[in-house]
Amino acid sequence: MFSLVSGVSLYSPDDFDYDIKTSLCITGHRESAVYTSLNDDTDRRLAVSAVKMMLYRYIDMACEAGYRTFLTGLAVGTDLWASEYILRKKRRDSRINLVGVIPYLRHAEYFPSVYKSILRTTELNADKVICMNSNPQTVYNKSTENKGVYRLRNYYMIDHSSAVIAFLNRDKFASGTRQTVLYAEKSGVEVYSFGMEEIMNIIMKSDGKMESVAREISFMRSRFAEIP
């Protein structure tokens, strides 16, 4: 079984062989969930950059706490932003593993070209890409038996992690990210989350200056407990 995007060999869900104690998964919204106080392109670019910086800071915190294996669902937005950054960290630290988990073979069929390019690079450089559903006919549709393919992918990542990083907005009550976080809480998996309210507070505190936003996020105290 091979990826339709990169051609790499795909693994089955049974092929996860990493230590769950030091494994962490990442979930979060798409780029469309990044909002600003103004309808201004510059303001929006700053907000997107701030979300990415916060996500990167959380990943750094996780590494400092002892997490070594990172699972991502390889969706547009948060998942692939995280994947890009984790690959950069892998080049400097061989102890870090990146495991991609895709819901079904054709999941990237309608990805924008920029995200499909990131996905291809990620798959080519990940330690493993696991496919939850290998049926080439499977597509997502809310009115068919395949409506749960994303939920199964998200729950799999939680079941194989001891913590989760989530970009979660409080107003997104029906999102897949919230569903994943609720499942993590029920499963006793540690949740480390941030949302646009926190991002906008940092931007306002920094007077909308990119350098100040970056400094504020860089000097955040770690929120992670060290792995015993």
- Task: Enumerate the pairs (first residue in region 64-83 and assigned to a helix (DSSP H, G or I); second residue anywhere and among the charged types (D, E, K, R)) with beta-carbon separation below 8 Å, excluding pairs fewer than 6 apart on the same chain, so at least 6 apart or on different chains.
- Result: A65/E226; T78/R30; W81/K52
- Answer residue from region 4-19, given it is charged (D, E, K, R) and closer than 21 Å to Y67 by Cα and is surrounded by the fewest Cβ atoms within 10 Å (Cβ to Cβ) among those: D17
- (1) part of a helix (DSSP H, G or I); (2) of a type outside the set (F, W, Y); (3) under 30 Å from A214 (Cα atoms): which one isn't true of S193, the others all being true? (1)
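Taking region 148-162 only, how many residues are crowded, with 17+ Cβ neighbours inside 10 Å and in contact with a Ser or Thr (Cβ under 8 Å, 6 or more places away or on another chain)?
Within region 148-162, the first condition is being crowded, with 17+ Cβ neighbours inside 10 Å, and the residues that meet it are 149-150, 153-158, 160-162.
In the following step, the residues that additionally are in contact with a Ser or Thr (Cβ under 8 Å, 6 or more places away or on another chain) were identified as 149, 154-155, 157-158, 160-162.
Summing the residues that are crowded, with 17+ Cβ neighbours inside 10 Å and in contact with a Ser or Thr (Cβ under 8 Å, 6 or more places away or on another chain) in region 148-162 gives 8.
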- Scanning for something surrounded by 17 or more Cβ atoms within 10 Å (Cβ to Cβ) and either in contact with a His (Cβ under 7 Å, 6 or more places away or on another chain) or basic (K, R) (or both), does region 33-48 turn up at least one residue? no
- Item | Scan of region 84-108 for residues that are among the hydrophobic types (A, V, I, L, M, F, W, C) and in a helix (DSSP H, G or I), ordered by number | I86, L87
- Query: Do the conditions hold for E211, that is, is it surrounded by fewer than 16 Cβ atoms within 10 Å (Cβ to Cβ), assigned to a helix (DSSP H, G or I), touching a strand residue (DSSP E or B) at 6+ places or on another chain (Cβ under 9 Å) and of a type outside the set (G, A, S)?
  - Reply: no
- Message: Restricting to region 164-186, and then to whatever is hydrophobic (A, V, I, L, M, F, W, C) and over 19 Å from A62 (Cα atoms), can you tell me which residue is surrounded by the fewest Cβ atoms within 10 Å (Cβ to Cβ)?
- Response: A174
- Item | Near pairs, Cβ below 8 angstrom, 6+ apart or cross-chain, from region 192-205 (over 14 Å from D171 (Cβ atoms)) to any residue that is of a type in the set (D, E, K, R) | Y192/R223; I202/E216; K205/E216
- Task: Scan region 53-64 and give yes if some residue there is closer than 24 Å to K186 by Cβ and charged (D, E, K, R), otherwise no.
- Result: no
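A short reminder: the numbers here are calculations on the coordinates, not readings from a lab. These figures come from a predicted structure and were not determined experimentally. When we count neighbours, we look across all protein chains shown, and the Cβ atoms used for this are built from the backbone with ideal geometry, even at glycine.
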